[in-house]
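Just below is one structure, and these are the notes that go with it.
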Amino acid sequence: MPKLAVPVSGTGSILDAMIKYNVPINLVIADRPCRGLTIAKEAGIQTEFLPRKFGKDFDRKEYTRKTVQVLESYGIGLIAMAGYMTVLDDVIFLRYRNRLINIHPSLLPSFKGETAVKDALAWGVKVTGTTIHFATEELDQGPIIAQEAVPVLKNDTVDTLWERIKVVERRLYPTVVRQLLNELA
Ligand code: GRF
């Protein structure tokens, strides 16, 4: 079975669900201090903190090179991003083609990008959801592995809708990641 890395930047609730589903995680990497990093440490998972700069001083190529170096040093064979917010340089997508997946809180190709939940609400769509896909050089655009729909309710805010989506994600992502690990074994 390939070794699994989970990159995080946020609250880490999807990572937490993966841990609870006993998905075998070899490494958690974080690009900023975040709850995800704490969750990983508390679960006894190896962590690497790779702080990045924000703004014009951020050297995306160099940061990606460093990230790939760390992943390679752990012999990682599958990467499952879970709320990871850095857009990495092309080099990682070439190195880990079909070995790098992402979960996004919309039914792609609708509502790409960071404001997916807010945009779905603003459009007034009645159904949105979550998409698990292979990550490629184009943001939120790789081949789709799994999707599940979530209804938008009348009085939804970004928070209530996103939480309803995450409830589905916390079940779907661990299942899909485990399946992929088995297929790649
Ligand atoms: C999820 O909604 C996922 O689709 C998106 O980021 C969120 C991660 O949530 N990419 P958390 O940090 O695990 O709570």
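Where a number appears in this text, it was derived from the coordinates with a stated rule and is not lab data. These figures come from a predicted structure and were not determined experimentally. All Cβ positions, even for glycine, are placed from backbone atoms using ideal geometry, and neighbour counts span all protein chains on display.
Summary of computed values
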item: Lysines whose Cα lies under 24 Å from that of K56, excluding same-chain neighbours fewer than 8 positions away; result: K66, K112
item: Partner aspartates and glutamates for K53 [C-alpha distance under 15 Å; skip if fewer than 8 residues away on the same chain]; result: D31, E62, D89
item: Volume of the Cα convex hull of the chain, divided per residue and given in Å³; result: 111 Å³
item: Region 114-137 residues near the modelled V91 label - backbone nitrogen below 16 Å, point 7 Å along Cα→Cβ; result: 137
item: Selection from G44, G75, G55, by position along the positive dipole direction of region 1-88 (Cβ); result: G55
item: Cβ-placed point charges (K, R +1; D, E -1), dipole of the chain about Cα centre in debye, nearest 20; result: 220 debye
item: Segment R32-E163, length gained on full extension (0.36 nm per residue, minus Cα span); result: 44.9 nm
